[in-house]
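Peer 1: This structure is in structure tokens; I'll ask about it shortly.
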Amino acid sequence: MKKTLTVTLFFVMISFCYSQHFEGIVEYEMHYIPTSDRYTTELMEEAFGKRTKTFFKDGFYKELTDSKFMSYQLFRYDKNKIYYKHTTNDDTLRYISTISTNKSNFKYDLYTKSDTVLTIVCDKLVVRDDYGTKTYYYSSDYSLNPDFYTNFTISNKYEIVKLMKSIYLKLEMEYQDFVVEITAKEITRKKLKKRVFKLTKHTTLLEE
């Protein structure tokens, strides 16, 4: 069960701009819908949280989640790694490489002006791959530079960002036993200090 949820949540997100691409903070709410008796909503909320705050700047992102599992995540494109901790007071900082040589299925459909999130008109990208079906809602008003994600090939991340060229404002992930919905509730454009994306303190660095 834990392995399945790990894969999921690894792969398992105004009128003016401070930079060419979005820089700032997005606060998301997470909802879980079990579709079998293998999981419960309460179990998933406790393990993986109900809220996450994501910081974006120049190809880096950091996620802080009110969870017992992977409550801290940091993507560094200059290291080609995702770093994470299960709890903020964990002395062990773990990491995985974002580079994958495994080829997986990747089919998609694009729909323009499909829905709204926070009154923002969004396009929709529906992806079907070896992990399930994922539906992204996004707007070019919150753009990302896909060049930063060239070496983020695990779970087809680069292919997805290359199509969207934006952060997602809503994400629906459908799997055999459950559905995860992640929806932006607040978006704040602001300049972020580089220190926001420094590695958190740790005594042990462990490759997973």
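Peer 1: Need one number: nm distance between label points at residue 204 and residue 80, each 7 Å from Cα along Cα→Cβ, rounded to one decimal.
Peer 2: 2.7 nm
Peer 1: Something else: Only helical DSSP H runs with n ≥ 4 go in: add -39500 (n - 2.57) per run for the chain, normalise by residue count and round the 222 nm mean residue ellipticity to 500 deg cm²/dmol.
Peer 2: On the way: 3 runs with 25 residues, N = 208.
Mean residue ellipticity, 222 nm, calculated: -3500 deg cm²/dmol.
Peer 1: Which entry is the computed Rg and Dmax of the Cα atoms in Å for this structure: (1) 16.4, 48; (2) 21.7, 70; (3) 17.1, 55?
Peer 2: (1)
Peer 1: Roughly how many Å² is the accessible area per residue of the chain, as a whole number, for a 1.4 Å probe?
Peer 2: Details: 11090 Å² over 208 residues.
Averaged over the residues of the chain, the accessible area is 53 Å².
Peer 1: Nothing charged except the Cβ atoms of Lys and Arg (+1) and of Asp and Glu (-1): what's the magnitude of the dipole of the chain about its Cα centre? Round to the nearest 20 debye.
Peer 2: Numbers: 33 positive and 28 negative charges, 182 e Å.
So the magnitude is around 880 debye.
Peer 1: All other residues with a Cβ under 13 Å from the Cβ of residue 148 taken together, and with Lys, Arg as +1 and Asp, Glu as -1, what is their net charge? Each step should come with its number before you reach the end.
Peer 2: Working: positive: 57, 76, 79, 157, 162, 165; negative: 23, 58, 78, 147.
In short, +2.
Peer 1: Would you kindly work out the equivalent ellipsoid of the range 27-72 from its C-alpha gyration tensor and give its semi-axes, the square roots of five times the eigenvalues, largest first in whole Å? Can you show the working numbers first?
Peer 2: Numbers: eigenvalues 123, 20, 13 Å².
They are 25, 10, 8 Å, listed from largest to smallest.
Peer 1: Let me ask you something else. Less than 10 Å Cβ to Cβ from residue 91, Lys/Arg counted +1 and Asp/Glu -1: what total charge do the surrounding residues give?
Peer 2: Numbers: positive: 85, 201; negative: 90.
Net charge in that neighbourhood comes out at +1.
Peer 1: Grab the other residues whose beta carbon is less than 10 angstrom from that of residue 59, score K and R as +1, D and E as -1, and report the net.
Peer 2: Here the count lands on -1.
Peer 1: Taking every alpha carbon pair in the range 35-138, what does the distance histogram look like in 10 angstrom bins from 0, in percent?
Peer 2: Going out from 0 Å in 10 Å bins, the range 35-138 shows 12, 26, 44, 17, 1 percent.
Peer 1: Take the solvent-accessible surface of the protein heavy atoms, probe 1.4 Å, and return the percent of it on the chain that carbon and sulfur atoms account for. Can you show the working numbers first?
Peer 2: On the way: 5180 of 11090 Å².
Result for the chain: 47 percent of the exposed heavy-atom area is carbon or sulfur.
Peer 1: Expressed as a fraction of 2.2 N^0.38 Å, the rule-of-thumb size for a compact globular protein of N residues, what is the C-alpha radius of gyration of the range 77-116?
Peer 2: Numbers: Rg = 17.1 Å, N = 40, 2.2 N^0.38 = 8.9 Å.
With N residues counted in the range 77-116, Rg over 2.2 N^0.38 Å equals 1.91.
The values are calculated or read from the model by the stated rules, or taken from the named source; none is laboratory data. Since the structure is predicted, the reported quantities are computational estimates derived from the model, not experimental observations. Using ideal geometry, Cβ is built from the backbone for each residue, glycine included, and neighbour counts are taken over all protein chains shown. Surface areas here come from the heavy atoms of the whole protein model, side chains and all, with no ligands, DNA or RNA. Shrake-Rupley method; radii C 1.70, N 1.55, O 1.52, S 1.80 Å.
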